[in-house]
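Here is the structure we will look at.
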Amino acid sequence: MKIAIIIPAHNEEKSIGSVLNHLPKIFHPTTVVVDNNSNDQTVPIVKNMGIAVTTESKMGYGAACLQGVRYAKENFNFDTFVFLDGDFSDHPQDIFRLIHKAKESGGADMVIGSRNLGEAEPGSLLPQAKFGNWLATSLMNLFTGSQFTDLGPFRLIKRTAYDQLNMQDENYGWTMEMQIKAIKLGLICRETSMHYKARIGQSKISGTVKGSVLAGYKILYTLFRYLVLSPMPKQQIAEKYEVL
Ligand SMILES: Nc1nc2c(ncn2[C@@H]2O[C@H](COP(=O)(O)OP(=O)(O)OP(=O)(O)O)[C@@H](O)[C@H]2O)c(=O)[nH]1
Ligand SMILES: [Mg+2]
């Protein structure tokens, strides 16, 4: 498995160095940090560590991920994407859990790192994020027969699978869009438990009222857009969602 790692980061000077230091060195040559107009030391820190940086002028988590995908396709030789946040709330070394789960028994197209399987530190997931994830995944599971427990940012998806999704979202709906489209296309989707701890530095999304409300709205809008406006027969989907 040849992996390209994409790390969206906006003003993460306090955490990005730790993220890269804890990311196993074998992945550094195919890792790219996607900067969005950071006005702190995020970019110099990353460059000093010899890690690639690409810039996306349009603000938004999804826009940053899309630019990361473009950069990886132009610069890296890889067959699998891994997305990871830049605030050191994920444990970068848990990447091996994603890889392991993706290789298990016949392989999977996508593996979501779940923060809701018992290994998140108390208080690391803010109440609004916890509720939002529960509501969004419960509705998605209700409509599709899948059993997702999180919209976790730390995730793996095969390049061939990603290329079938025609990802569009440029801000908060990215994780939901990827999971719905993967299920609707009948891709093999799995989850694995991830450690999770409170972020370092200033929150851009869940820790802000504006971010939480906009994220909540956009995630439910994405659910509505892809599932209600164009529903799929439940039975057909359930066959594809493996619980391992
Ligand atoms: N490049 C870029 N990165 C972003 C943007 N918004 C968020 N990010 C990054 O995306 C990741 C997730 O954002 P967070 O602020 O951690 O969102 P969150 O995890 O929902 O909220 P917290 O619980 O506060 O961590 C972090 O690495 C951010 O730096 C953006 O507009 N552009
Ligand atoms: Mg975060």
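Expressed as a whole percent, the proportion of Cα-Cα pairs in the range 106-147 lying more than 18 Å apart is 39%. Here is the size of the range 131-219 from its Cα atoms: Rg then Dmax, 13.6, 38 Å. The solvent-accessible area of ARG225, taken with every protein chain present and a 1.4 Å probe, is close to 100 Å².
Using a probe radius of 1.4 angstrom, the carbon and sulfur fraction of the accessible surface of the chain is 57%.
Its relative contact order, with pairs defined as Cα atoms under 8 Å and 6+ residues apart, puts the chain at 23 percent. TYR217 contributes an accessible area of around 140 Å² to the protein surface, as traced by a 1.4 Å probe with all chains present.
Per-residue SASA remark: HIS10, around 50 Å² accessible (1.4 Å probe; ligands, DNA and RNA not included). Shape annotation for the range 1-143: C-alpha extents along the principal axes are 43, 37, 26 Å, from largest to smallest. Too long at a 25 Å Cα-Cα cut-off: which of LYS47/LYS73; LYS101/LYS181; LYS25/LYS73; LYS2/LYS58; LYS158/LYS184; LYS73/LYS103? Pairs exceeding 25 Å: LYS2/LYS58. Equivalent ellipsoid of the range 121-180: semi-axes from √(5λ) of the C-alpha gyration tensor, largest first, are 22, 14, 11 Å. The Kirkwood radius of the chain, taken over pairs of alpha-carbon atoms, gives through the Stokes-Einstein law at 4 °C and 1.567 mPa s a diffusion coefficient of 72 µm² s⁻¹.
Only Cα pairs within less than 10 Å get springs; with that Gaussian network setup on the chain, which residue of MET110, MET176, MET167 has the largest fluctuation? Fluctuation is largest for MET167.
Rolling a 1.4 Å probe over the protein heavy atoms gives the chain an accessible area of 43 Å² per residue.
Mind checking which lysines have their C-alpha under 17 Å from LYS210, skipping anything on the same chain fewer than 8 residues away? Once the sequence-local lysines are set aside, what remains near LYS210 is LYS130, LYS218.
The values are calculated or read from the model by the stated rules, or taken from the named source; none is laboratory data. Note that this is a predicted model, so its numbers are computed, not measured. What goes into the accessible areas is simple: the full protein's heavy atoms, side chains included, and nothing from ligands, DNA or RNA. Shrake-Rupley method; radii C 1.70, N 1.55, O 1.52, S 1.80 Å.
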